[in-house]
Every structure is written in C-alpha cells, then in structure tokens.
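Data first, discussion second: the structure below is written as structure tokens.
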Amino acid sequence: MVRVENLSKRYGRHWALDNVSFEVPDGCVYGFVGPNGAGKTTTLKILATLLEPTSGRAWVGGAEVTTSPYAVRRKIGYMPDFFGVYDDLRVLEYLEFYASAYDIDLSRKEQLFQDLLALVDLEDKADAYVDTLSRGMKQRLCLARCLVHDPDLLILDEPASGLDPRARVEMRGLLKELGKMGKTVIISSHILTELSEICTDIGIIHNGRLVYSGPVADAMNRMTRGRDLEIACLGPIAPACAFLAAYQGVRQVKTIGDQLLQVAFEGDREAQSRLVADLVGAGIAITSFREVGGNLEDVFMQLTAEVAGR
Amino acid sequence: MKIQLPQINWRALRNPMLVKELRSRTRTWHFPALLTGYLALLAGVGLVYYYLWVRNAGYGSFGPRVGLDIFMLLAIFQLILINFVTPALTSNVINGERERQTFDLLLSTPLPPAAIVLGKLFSSVSYILLLILASLPLYSIIFFFGGISLHQFFILVCFYLVNAIAVGAMGVFFSALVRKTQLSTVLTYGAVLFLNLGTVAIAILQRISNDWEGAVLLFHTPLMVAINPVYAMLSVLAGTSGAIQVPLVGQIRQPIPAGLSHLVTPAWQTTLLVYGVLTVACLTITILLVDPIDPVDRLLKRRRAKGEEQNVRTAV
C-alpha cells in the first residue's frame, strides 16, 4: 500500500528526515513510533501530499506523492495531530462539505453519513454545531470525515493526543474496528502502550532516521537484553535457583514466595526455549514460564539506545 | 428524430468551497447587520444631500442636476464602502484557515488549490454583489430625477464588480502570502488606500511639477490616474466629454498629455484592463502559493519519470 524510498526532508540546515525507507503492506495497522521531533509528522505529511520531500520518493497505492498528488489524495484519509473545525457548520454539513470535496454523489449522503456517525458514535449529534462538541467528539468526527470517501489508507497523526482516558479508550476501540474492516492504517504516537494493542507492524524513527520497520512480533524478537522471565516450579526452588545462577545468559535470579522465580535473562526467544528444555532436562519441574515486560516501550528504548550509542 | 442535447454535469461545476463559504457567511448575525448598515448609510448620504439641496435651492430646482449629483455622491460612497468591506471579507481567507488549523485537512482532499482560492474569492464577491443589488432600489429613485442613462448605470455596476474582484483578489493574495491575519489585513487596506488616495497624491504632484511630462502612460492616460478607481468611476459618468462636475469638489477633467488629445481612451476602460490583469496575476500567484506541491516541479518530475520509463522500455 505504501512504499517509501530514501525519503529526506531538510528545513534550513536541519535534516528532519534522513534517508528513510519502509513499506506498509495492505491491510496492516502500522504504528509509527518516535519521540517528539523525530520526523513522524514530516513523514506523514509527505505521504498526505502536504509537504514536498527534499529528496527520495514515496508511493501510496502505486501513485507517487509528488507527481500524482490528486490520485494519492483520493486514496487516503488524513487526520493531523492538531486540527480545527469549521465551527459555524453543523455535524452533517461538515461531513457534506468534505463529501463534496471528494466529489461523492450527495444523493446517497443520508445513508453514508448515518453509517459514519454510527461508526464513530455521534449519531445523536448530527444536527449539533461542530463547535459545541467535546475534544474527543471532534476527534471522532474528524475520523468520520477521513472515512467519508472510503479510503484505502488512513494516515492518523497522534489521533489520541489531548484526549481524556475515556476518550482514549474509545478512540483505541475505533481504531481496532477500522483494522478489522481491513483498512490499512498508519498511526503515529509516542504513547507506545496504546499502539502495542492495535498495531500489526511498527516503524521506529529517531532523529529523522528509521531504526526499525516490520512486524511487531519481529521487533520483540530482536530484543536481546533486559528480558525478565517468571518461572514457577513444582516443589523446592533451591535446585532451580542454583541451576539458573550458573546458566549462561542469566544475570540475576530473584525468588518471589516459595515457588516463583524472577530471572533477568539475556537472550532471544530461541535461547529462552533452550533454557526451558535445559531446566526440564535437569529434572526441575516447571509449572509456568513466561516473559515479564518486553513490550513496545522496551523495544523502542533498546533500539533507539543502540542508535544513540553508534 | 430526437435531438440529444449535451448533458451538463452540474456536480462538476459545483464548488464545495463556495457553497460552504456562502452557507457560513449568511448564517451569522453579521450578514443582516452589515446589509442593513450598508443600505442605511447609502440612503442617509442621499437624503442628507437632497435635504441640503432643497434647503438651498428650493423645490423649484427639481431636475436632472440634483438627480445626477445624488447619483454621483451615492456612486462614490458605494465605491468607498465596497473598497472598505471587500478587504475585510477576503484578507484573512487563507491564513485564517491556517490559524484555525483547518487548512491541512482541506489540502489533503482532492479539491484543487484553484477551486479553494476561487471559492473563497467568489463567496466574498457574491456578498458584495448582494450589497450592490440590494442598493439598486436606492438608485432607481435617482432615475425619477433623470440625468443618468441605463447604459451608464450598467457600466457602473460592472465596474463595481470588477473593482470588488480586483480588491478581493489582492486580499486573497495577501492572505496566502503572510501567515498573520492582522498583517494581511493591514497590507490589503494599504494597497486599497494606495489605489484610492496614494494615486491621487502622486497624480497631483506629477500634474503640478511637470504637467505629466515623463509620467508613465497607459493607453495615453497617466498610470496613476488610470488605476484610481474613483476617477475611473467618474469617467463612466463623464461620458465622451472627459469632464465631469463632481458635487462638493468641482469640475474634474481627464488629464490629457500634450499632443495626445486625439488618442484619449476613457479612463475606466484602461482601469478595467489594469484591474483584470491585476486580478489574474494575484490569483495565479495565490494558487501557486497555496499548492503544497509546486505544480511546476510536479510537471518536471512527471516528465522525468516518463523519460525514465521510456528509457527502461527501450532497454528491454
């Protein structure tokens, strides 16, 4: 759906993007992760044809963003991080304006708008003035606006920013729904716990450089250190403690209660699998073995730290 | 045989920006308030002048002269009002969208920049057109006195429109050029002030110092005179004589540089031409400024990409 090749963007002397390349497959929910100023918004704006790259190229659904911007605009629904609304319009008029901007036949508008407002849970606000809506409602209305022409790709820049916890949860639910509908979604955020629940793929960007791009599961597998394991044993845990203390890759062993161990382990998933086999081979009865932590935040911290250390 | 008439695609002609702007503009209380205030001012000027005339000359002086005078006063006053209202309607249309953070949403739609710019301009101009149309009944009273032909009146209304479009185009241009709405408003009013008063000051200086010697001429009319909207409007009423008696001011005669008296073009024709060029220039630059992807660059890239494709095909 999206292909980006060696994209760079310079503002004066500052390179906001430096040779960024990645691909977003059809139907995936792609989380674009990075700290403030990393280049997320710049990348998304280039994909939304709102900015021209200094060099490099990008395609959306086969259309190049700088040579065929109108074709790209028909394929995307873009929601910026900060946006305003026309406060002198009613909700239905707001949707009607954007629908006519996409040249949608307004004879079927009633059903279309009803469906969209039902999706974003604003059915009862159809005749309300847009400026009377809460921030969360405006975000949801903007999402409905993005969907008015049934785009193939949704580009959402920090869609949950500035929302209260309840509105965040609602927005997350909505994004999950869009994922289920088979839409390709690129969503940027620096709140990683939110993304980990809804994304199938992620791209991690730091100081204008792409550190990682690919499936979330692969990113987790790339974690090579700082992985905590929780192991529950049947019977006395002293033999297990002694075995683990001598095992290669184990940095620390902590006991929690009578039968639970927390192990700081350096190694990928294959190494974990070997550890389980070795524990069983050593005659230690295990009732459970699981990773603690190891979420997107850890992946992000590790990968960006690696880049900073280079 | 059944004749198939060509089908007009009305949907394609519909400008969503224009529809939205008209809807927004006519919805607030500003709209009826401005219309009422505008008509009240115009009617007030006409009434006061007629009252003064009757007080000085008595009812026996009823005739074309008073009609022409009131008409001229109203026409001048209407032009000033149009030049005062149009910048207020147009000088913040683009940067206002930027300030409200609605511009990116707008540009991410397939709506071309030309449709955005023209929609914004024509919604403002249609507002002005409505003010002009609403003031027509006032002018119809003037016909009761006589002294003005329908032909002159029609040209005058057209001139108002062209003037409003030109001033509106300048407002839209400044609103796309600078980020701050206050600055674009100041710049637009500055430009309008220059066209209305600055040109007069320079023209007077040129007339006094060297009797138009060395002045830039446009169709044999000094430039500073040709681009002044008030003078152009008066030249409509002056007709072929080139001279007009302006109430409260006195006679104004079209300046004719020495030796060119046989080539004189009425000033309003030159002004319309200049304003037409000004409008096209302002709108073209505005459309280029608004487009996030440089259209020239886009064409060059597209051509380059086609060339590369052809090279690959040839190689295969």
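The values are calculated or read from the model by the stated rules, or taken from the named source; none is laboratory data. Since the structure is predicted, the reported quantities are computational estimates derived from the model, not experimental observations. Quick reminder, even Gly has a Cβ in these numbers, built from the backbone with ideal geometry, and neighbours come from all protein chains shown.
For the stretch A:279-287, the condition of being touching a Lys or Arg at 6+ places or on another chain (Cβ under 6 Å), of a type outside the set (Gly, Ala, Ser) and part of a strand (DSSP E or B) holds for none of the residues. Consider the stretch A:245-254 and keep the residues that are surrounded by 14 or more Cβ atoms within 10 Å (Cβ to Cβ) and not hydrophobic (A, V, I, L, M, F, W, C). The one that is nearest to A:GLN302 (Cα to Cα) is A:GLY249.
Across the stretch A:105-130, what is the number of residues that are assigned to a loop (DSSP other than H, G, I, E, B), closer than 24 Å to A:GLU158 by Cβ and charged (D, E, K, R)? Don't jump to the end; show me each part of the working.
To start, the set of residues in the stretch A:105-130 that are assigned to a loop (DSSP other than H, G, I, E, B) comprises A:105, A:120-122, A:126-128.
So of that shortlist, the ones also closer than 24 Å to A:GLU158 by Cβ come out as A:120-122.
From what's left, charged (D, E, K, R): A:121.
Counting residues in the stretch A:105-130 that are assigned to a loop (DSSP other than H, G, I, E, B), closer than 24 Å to A:GLU158 by Cβ and charged (D, E, K, R) gives 1.
Checking the stretch A:234-247 against the condition returns no match, with no residue being in contact with a helix residue (DSSP H, G or I) (Cβ under 6 Å, 6 or more places away or on another chain) and not basic (Lys, Arg). Looking only at the stretch A:254-290, residues that are small (Gly, Ala, Ser), modelled with pLDDT of 85 or more and touching a strand residue (DSSP E or B) at 6+ places or on another chain (Cβ under 7 Å) come to 2 in all. With respect to A:ARG57, determine if the residue is surrounded by fewer than 21 Cβ atoms within 10 Å (Cβ to Cβ) and at the interface with chain B (Cβ under 10 Å from one of its Cβ atoms). Spelling it out, A:ARG57 is indeed surrounded by fewer than 21 Cβ atoms within 10 Å (Cβ to Cβ) and at the interface with chain B (Cβ under 10 Å from one of its Cβ atoms). Take the conditions assigned to a helix (DSSP H, G or I), over 12 Å from the mean Cα position of the chain (by Cα) and surrounded by 23 or more Cβ atoms within 10 Å (Cβ to Cβ) and apply them to B:ILE76. Does it pass? Against the criterion (assigned to a helix (DSSP H, G or I), over 12 Å from the mean Cα position of the chain (by Cα) and surrounded by 23 or more Cβ atoms within 10 Å (Cβ to Cβ)), B:ILE76 does not qualify. If you go through the stretch A:255-284 and pick out every residue that is within 24 Å of A:ASP298 (Cβ to Cβ) and β-branched (Val, Ile, Thr), you end up with 4. Within the stretch B:124-160, restricting attention to residues that are among the small types (Gly, Ala, Ser) and crowded, with 18+ Cβ neighbours inside 10 Å, the residue that is farthest from B:PRO16 (Cα to Cα) is B:GLY147.
Among helices (runs of 4 or more DSSP H) lying entirely in the stretch B:82-145, which contain 2 or more residues that are without any contact (Cβ under 8 Å) to a residue 40 or more places away in the chain and at positive phi? Let's see the steps before the verdict.
Details: elements: B:93-99, B:103-107, B:113-145.
Filter on the stretch B:82-145 gives an empty set.
Taking the residues in the stretch A:131-185 that are part of a helix (DSSP H, G or I), out of contact with any Leu (no Cβ under 8 Å at 6 or more places or on another chain) and of a type in the set (D, E, K, R) as candidates, determine which candidate is nearest to A:ALA71 (Cα to Cα). So, considering only residues that are part of a helix (DSSP H, G or I), out of contact with any Leu (no Cβ under 8 Å at 6 or more places or on another chain) and of a type in the set (D, E, K, R), the one nearest to A:ALA71 (Cα to Cα) is A:LYS180. Taken together, B:PHE71, B:PHE31 contain a single residue that is more than 30 Å from A:ARG74 (Cα to Cα), within 14 Å of another protein chain (Cβ to nearest Cβ) and touching a helix residue (DSSP H, G or I) at 6+ places or on another chain (Cβ under 9 Å), which is B:PHE31.
Has the stretch A:243-253 got at least one residue that is in a helix (DSSP H, G or I), over 21 Å from A:THR287 (Cα atoms) and out of contact with any strand residue (DSSP E or B) (no Cβ under 9 Å at 6 or more places or on another chain)? Scanning the stretch A:243-253 turns up no residue that is in a helix (DSSP H, G or I), over 21 Å from A:THR287 (Cα atoms) and out of contact with any strand residue (DSSP E or B) (no Cβ under 9 Å at 6 or more places or on another chain). Condition check: within 30 Å of B:HIS30 (Cα to Cα) and of a type outside the set (Ser, Thr, Tyr). Does A:PHE22 satisfy that? Taking the combined requirement at face value, the residue does not satisfy it.
If you go through the stretch B:1-28, how many residues are away from every other protein chain (no Cβ under 14 Å) and modelled with pLDDT of 85 or more? Reasoning before the result, please.
Filtering the stretch B:1-28 down to residues away from every other protein chain (no Cβ under 14 Å) leaves B:1-8.
Remaining after also requiring modelled with pLDDT of 85 or more: none.
Residues in the stretch B:1-28 being away from every other protein chain (no Cβ under 14 Å) and modelled with pLDDT of 85 or more: 0 in total.
Among the listed residues A:ALA282, A:ALA232, A:ALA264, A:ALA240, which satisfies the condition of being in contact with a Phe, Trp or Tyr (Cβ under 9 Å, 6 or more places away or on another chain) and surrounded by 15 or more Cβ atoms within 10 Å (Cβ to Cβ)? Sole residue among the options that is in contact with a Phe, Trp or Tyr (Cβ under 9 Å, 6 or more places away or on another chain) and surrounded by 15 or more Cβ atoms within 10 Å (Cβ to Cβ): A:ALA232.
Selection over the stretch A:95-118 of residues that are farther than 20 Å from A:LEU175 by Cα and buried (at least 20 other Cβ atoms within 10 Å of the Cβ) gives a count of 6.
Can you tell me which residue is farthest from B:ILE116 (Cα to Cα) among those in the stretch A:80-104 that are within 8 Å of chain B (Cβ to nearest Cβ) and outside any loop (DSSP other than H, G, I, E, B)? Step through it out loud before you land on a result.
The first filter runs over the stretch A:80-104 and keeps only residues within 8 Å of chain B (Cβ to nearest Cβ), leaving A:80, A:82-86, A:88-89, A:93, A:97-98, A:100-103.
From what is left, the residues that are outside any loop (DSSP other than H, G, I, E, B) are A:93, A:97-98, A:100-101.
Details: A:GLU93: 17, A:PHE97: 12, A:TYR98: 13, A:SER100: 13, A:ALA101: 10 Å.
It comes out as A:GLU93.
Restricting A:ASP121, A:ASP87, A:ASP157 to residues that are in contact (Cβ under 8 Å) with a residue 12 or more places away in the chain, crowded, with 20+ Cβ neighbours inside 10 Å and acidic (Asp, Glu) narrows the list to A:ASP157.
Could you list, in sequence order, all residues of the stretch B:96-123 that are surrounded by fewer than 23 Cβ atoms within 10 Å (Cβ to Cβ), closer than 15 Å to B:ALA176 by Cβ and more than 13 Å from chain A (Cβ to nearest Cβ)? Within the stretch B:96-123, just B:LEU118 meets the criteria. On inspection, A:ASN6 passes the criterion of being on the phi > 0 side of the Ramachandran plot and more than 10 Å from chain B (Cβ to nearest Cβ). Residues in the stretch A:162-219 that are closer than 12 Å to A:VAL33 by Cβ and among the acidic types (Asp, Glu): A:GLU194, A:ASP201.
Against the test of being within 12 Å of another protein chain (Cβ to nearest Cβ), modelled with pLDDT of 90 or more, assigned to a loop (DSSP other than H, G, I, E, B) and surrounded by 15 or more Cβ atoms within 10 Å (Cβ to Cβ), the options A:THR49, A:THR67, A:THR41 yield a single qualifying residue, A:THR49.
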